[in-house]
Amino acid sequence: MTDGTSPYPSLAYPALHASHSGIWICGSDGVSRAIGKGEAIGCVAETPHILLNAPLMGQRLGYPDLSGLDLLELFAFIHPAQFVVPTPAGLAKTLGLEPPAQEADIASLYREAASHLLAGLEAPHWAEREGAWSSAQALYRLRWPWAGEVSRRLEKPSQNERWLFSKLEEWEEETSRPAPHSVTLDESATLAQLGALTGKGSEEREGQKSYAAAVAKIFNPRRAKGIPNMLLAEAGTGIGKTLGYLAPASLWSAEAGGAVWISTFTKALQRQLDRETRRIYPDENIFRKKVVVRKGRENYLCLLNLEDALQGGFAGRAAILAHLVARWAAYSKDGDMVGGDLPGWLTTLFRRNGSTALTDRRGECVYAGCPHYRKCFIEKAARASQQADIVIANHALVMVNAARGREQQNAPTRLIFDEGHHLFDAADSMFAARLSGQEAIEIRRWVIGPESKNRGRRRGLAARLGDLASYDDEGGRAIESARHAAEALPSDGWLQRLSESEPFGPVEALLGEVRHMVFARDESQSADAGYGLETELTDVEGPMIDAVANAAEAIDALLKPLVRLGQRIEHLIEEGPDWMDAPARARMEGALSSLGWRCDTLSGWLALLSRIGGPADPDFVDWLMIDRFEGREYDIGICRHWLDPTIPVTEVVTKPAHGLMITSATLKGGGDWETARARSGAVHLDQTVQEFEVPSPFNYADQAKVIIVTDVKRGDMAGLAGAYAQLIEASGGGTLGLFTAIRRLRTVYARIADRMAQSGLPIYAQHVDPIDTGTLVDIFRDDPKASLLGTDALRDGVDVPGRSLRLVVMESVPWPRPDILHKARRLAGGGSAYDDRIIRARLAQAFGRIIRRADDHGHFVILSSAFPSRLLTAFPEGAPIERMPLAQALAEIKAAKTKTVQSSLSPDISFGHDAPQRDRMDDKSGGL
């Protein structure tokens, strides 16, 4: 591939590509050559080079400050809200270019790709032209490396381009949706709806049909208040459960006129559901009204923060990111910055510099006081969900809305929790209390406002509610009292003061006592800074008791004026003074909601402190902690978790519902229904819930095998790394490596990365490569030769069917970390049996990554000679399990690879009990 064969004008810039296997440069003459690391660093330091993913390439070169003409930035400017796999092959595929035959050709590809992208700026059919010229001028002033080439190819519009915020559509107020009708779904109608969604000619699967019929019953009218129609359903991989529950859900919504909320744990499943629901509403306009994806407000772009960034609030590279995000915002479907149509790799190109400041993560929204309120992505999604038939949310948001009493007028009465095995963990996070320095300083900033020179747009209560203070004397006094009381909370530099034993204020003094007690009682006797430290909150006396009392008094002094302020706001809303027009009312209602959130937090802190020194509450687990990362302390505090977090879930979510299902492919976690009832909260209901189970249709005896390697010694990092390298080579890539500790992951990656590159097998690693997890999975899915190493997030949230994932390797048994919370739950849950249930659930989830379709084949390898036989029930019935030395495992995996290659060359050979045609039917009938 040379510029001489390219149809696009050649650029004068050279291009650079670096990987573990070598470094290549392609000059303006189109000739590529291999160079050394020192020469490469010297070249890019002197002359801008075309490259792909500067942070990743800088890591490969050992030159973290690497910058240049990044093709991903150019792609984000020209094609906002479009995704490309950020690899040379992914870029070539998206642009319709010939993929590089070898790594030596990649630098040349970069030059051709740049010419291709820039030529698109002059194409008459370019769909994202509007706003490009104005954006390019702003980026030119910011010295964006591509600005000169881009501006040269853009013609100044004859009329001024519309400013971003004038292009965005406004949401409209609508009347509240009436209560749904009481209907009972007919089974035949449910199955007919399922048939319509799966499509004509698709294979009829009895498991999917029986699953859909079982789900339909949760939509029947409930018998009594507080007694929902509840179903626990385990549907094995390959059943097609997504369409299995969408069929009755969409039918009930159409007949009853109500909304069904489908809650997930991972953003990947939210994206899949967004795609699948298009089968129900193929018309795009109808789809946008009927289906809404909801997330927490911290996921969405805040237009006021963006405007501040564009008008000088950001500087340097962060300012460039803001302009690229603005380009995206003009074409985004919903403004979702995390898991939406903003490419996950975009913010990582800027080392996440400024990206979090573009969302509302601190509850500082001014609601109707914002000039962009009518175009706000968050408000738009919230209002759309009130009229939608299908709302795709997540476990955390459902529980947040229920716990805070939000949207009760339109609260969902029909709920489906997919990925239900994660409900316990989501509840554990949601209903916990944490009095820490980081949490306290955020409340101080929320009340007082900015106290540093870098003020930004942040404002305190007085600035946000100035009109209320001027109209209502009591409200004004409450704001001033709250501002004064918030000065007792930790401020900037609190960690340094605590390390020097010079705390300022009663809350910092309490945190200082916490720090002292944790270090005094630490029995780890380890210098391992990879983990934080913790100790039980027992036998507290002396200075700690005094510090608790003083801190509680300070927190109560802040809570009281905030409660009074909330009462005054409620009074004003009811009174409706002349100055309170509709926008002002909306702003007051928004401020009241935010105020309630902070008051709930402070009340939780007081409840936590009141327990210290008194008798233990059997429903809760309390402890003291110091959070550390790589030897550096970053938070100190007191934690409280429910011993069983499904208790509050049952009260605030389950009992108020009319119909509710909790479903998963591993709901029982490789155990029995007792596990599912305990982890879902069903044990806390007065009635017996319905249980349904349908096994996977896959032939695991032919499609998968579990291998327990017996000769890799525990703690032998060289042996562990060697085993991973040999297994990846035996499989020819397509390997997902799962680790229980980040340190071991990084050590193995460092030892094998160069070797894998020399073998022509790309390898990526979570917590190592400067790429977000979602993008890492996209890269892995796109290249059958690639391998990916990671931790828990990859064990549960990866859906990679086909040849790209054919080997899963776990470095050890996924034992639970024996922290204080786990030890308390273990004691209450049956000791070692409790541990076994958790481990089996993790193993079942990890094994579930390997077979996703009817023609998938693969191996599941565990590098643990001491793997307990009692845990083998985690794997599907019929899946062969064998203990063997590493050499034998390598021979089997190599043989399987050879067989697969041969079969792919012969149209007469198929594997297992299903032919590839079955897989095409699976795609039509809902996949998962």
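The values are calculated or read from the model by the stated rules, or taken from the named source; none is laboratory data. Because the structure is predicted, anything quoted here is derived from the model rather than measured. Every residue, glycine as well, gets a Cβ built from its backbone with ideal geometry; the counts of neighbours run over all protein chains shown.
Scanning the stretch 29-48 for residues that are farther than 20 Å from Gln102 by Cα and part of a loop (DSSP other than H, G, I, E, B) yields Thr47, Pro48.
Within the stretch 291-341, the set of residues being surrounded by fewer than 19 Cβ atoms within 10 Å (Cβ to Cβ) and in contact with a Ser or Thr (Cβ under 7 Å, 6 or more places away or on another chain) comprises Glu298, Asp341.
Only one of the numbered conditions (1) within 16 Å of Phe417 (Cα to Cα); (2) surrounded by fewer than 21 Cβ atoms within 10 Å (Cβ to Cβ); (3) modelled with pLDDT of 95 or more; (4) not basic (Lys, Arg) is violated by Leu643, and that is (1). Would you check if Glu112 is in a helix (DSSP H, G or I) and either in contact with an Asp or Glu (Cβ under 9 Å, 6 or more places away or on another chain) or under 30 Å from Leu310 (Cβ atoms) (or both)? Yes: the conditions hold for Glu112. Would you confirm whether any residue within the stretch 511-532 is at pLDDT 90 or above and farther than 18 Å from Arg628 by Cα? No, because not a single residue in the stretch 511-532 is at pLDDT 90 or above and farther than 18 Å from Arg628 by Cα.
Has the stretch 59-69 got at least one residue that is modelled with pLDDT of 95 or more and of a type outside the set (S, T, N, Q)?
Yes: one or more hits.
Being within 23 Å of Pro770 (Cα to Cα), in a helix (DSSP H, G or I) and aliphatic (A, V, I, L, M) narrows it down to one of Ala81, Ala104, Ala138, Ala89, so name that one.
Matching residue, one of Ala81, Ala104, Ala138, Ala89: Ala89.
Within the stretch 714-732, restricting attention to residues that are touching a residue at least 60 places away in the same chain (Cβ under 8 Å) and not in a helix (DSSP H, G or I), which residue is nearest to the chain's Cα centre (by Cα)? Ranking the qualifying residues of the stretch 714-732, first place goes to Gly732.
Would you say Ala92 is surrounded by 19 or more Cβ atoms within 10 Å (Cβ to Cβ), of a type outside the set (D, E, K, R) and in contact with a Pro (Cβ under 7 Å, 6 or more places away or on another chain)?
Against the criterion (surrounded by 19 or more Cβ atoms within 10 Å (Cβ to Cβ), of a type outside the set (D, E, K, R) and in contact with a Pro (Cβ under 7 Å, 6 or more places away or on another chain)), Ala92 qualifies.
Quick one: count up the residues across the stretch 69-119 that are charged (D, E, K, R) and touching a His at 6+ places or on another chain (Cβ under 8 Å).
Residues meeting the conditions: 1.
Quick check, is Gly670 assigned to a loop (DSSP other than H, G, I, E, B), at positive phi and within 29 Å of the chain's Cα centre (by Cα)? So Gly670 fits the description; yes. In the condition set (1) in contact with a helix residue (DSSP H, G or I) (Cβ under 6 Å, 6 or more places away or on another chain); (2) free of Cβ contacts under 8 Å to residues at least 24 places away in the same chain, His767 is compliant with all but (2). Please verify whether Leu660 is closer than 30 Å to Pro180 by Cα and among the aliphatic types (A, V, I, L, M), treating the condition exactly as stated. So Leu660 fits the description; yes. With respect to Leu495, is the statement that it is in contact with an Asp or Glu (Cβ under 8 Å, 6 or more places away or on another chain) and either surrounded by fewer than 16 Cβ atoms within 10 Å (Cβ to Cβ) or assigned to a helix (DSSP H, G or I) (or both) true? The answer is yes for Leu495. Residues in the stretch 579-604 that are among the hydrophobic types (A, V, I, L, M, F, W, C) and not in a helix (DSSP H, G or I): Trp579, Met580. Pairs are defined by a Cβ separation below 7 Å, a sequence spacing of at least 6 or placement on different chains, a first member in the stretch 553-568 that is within 24 Å of Leu510 (Cα to Cα), and a second member that is charged (D, E, K, R); the pairs so defined are Leu562/Arg598. Within the stretch 654-678, being over 20 Å from Ile227 (Cβ atoms) and either touching a Leu at 6+ places or on another chain (Cβ under 7 Å) or surrounded by fewer than 18 Cβ atoms within 10 Å (Cβ to Cβ) (or both) holds for Leu667, Gly670, Asp672, Glu674. Run down Val748, Val706 and say which single residue is at pLDDT 95 or above and out of contact with any helix residue (DSSP H, G or I) (no Cβ under 6 Å at 6 or more places or on another chain). Checking each option against the conditions leaves just Val706. Scan the stretch 569-592 for residues that are within 26 Å of Trp605 (Cβ to Cβ), surrounded by fewer than 17 Cβ atoms within 10 Å (Cβ to Cβ) and without any contact (Cβ under 8 Å) to a residue 60 or more places away in the chain and the total you get is 1. Candidates Ala315, Ala319, Ala309: the one that is out of contact with any Pro (no Cβ under 9 Å at 6 or more places or on another chain), part of a loop (DSSP other than H, G, I, E, B) and not assigned by TED's automatic domain parsing to the domain that holds Ser134 is Ala315. The residue list Phe860, Phe867, Phe780 contains one member that is of a type in the set (Phe, Trp, Tyr), touching a residue at least 60 places away in the same chain (Cβ under 8 Å), assigned by TED's automatic domain parsing to the domain that holds Leu886 and outside any loop (DSSP other than H, G, I, E, B), which is Phe860. Could you tell me whether Gly848 is among the small types (Gly, Ala, Ser) and buried (at least 20 other Cβ atoms within 10 Å of the Cβ)? Yes: the conditions hold for Gly848. For the stretch 773-792, enumerate the residues that are within 17 Å of the chain's Cα centre (by Cα), among the charged types (D, E, K, R) and either under 21 Å from Ala730 (Cα atoms) or at pLDDT below 90 (or both). Once the filter is applied, which keeps residues that are within 17 Å of the chain's Cα centre (by Cα), among the charged types (D, E, K, R) and either under 21 Å from Ala730 (Cα atoms) or at pLDDT below 90 (or both), the stretch 773-792 yields only Asp792. When the criteria are applied in full, Val84 fails the requirement of being surrounded by 15 or more Cβ atoms within 10 Å (Cβ to Cβ), more than 31 Å from the chain's Cα centre (by Cα), over 23 Å from Lys156 (Cα atoms) and touching a residue at least 24 places away in the same chain (Cβ under 8 Å). Take the residues of the stretch 32-53 that are free of Cβ contacts under 8 Å to residues at least 60 places away in the same chain and out of contact with any helix residue (DSSP H, G or I) (no Cβ under 9 Å at 6 or more places or on another chain): which is surrounded by the most Cβ atoms within 10 Å (Cβ to Cβ)? Out of the qualifying residues, it is Cys43. In the condition set (1) under 27 Å from Leu660 (Cα atoms); (2) surrounded by fewer than 17 Cβ atoms within 10 Å (Cβ to Cβ); (3) of a type in the set (S, T, N, Q); (4) at pLDDT 90 or above, Gln438 is compliant with all but (1). For Ser594, indicate whether it is among the hydroxyl-bearing types (Ser, Thr, Tyr) and closer than 30 Å to Ile545 by Cα. No: the conditions fail for Ser594.
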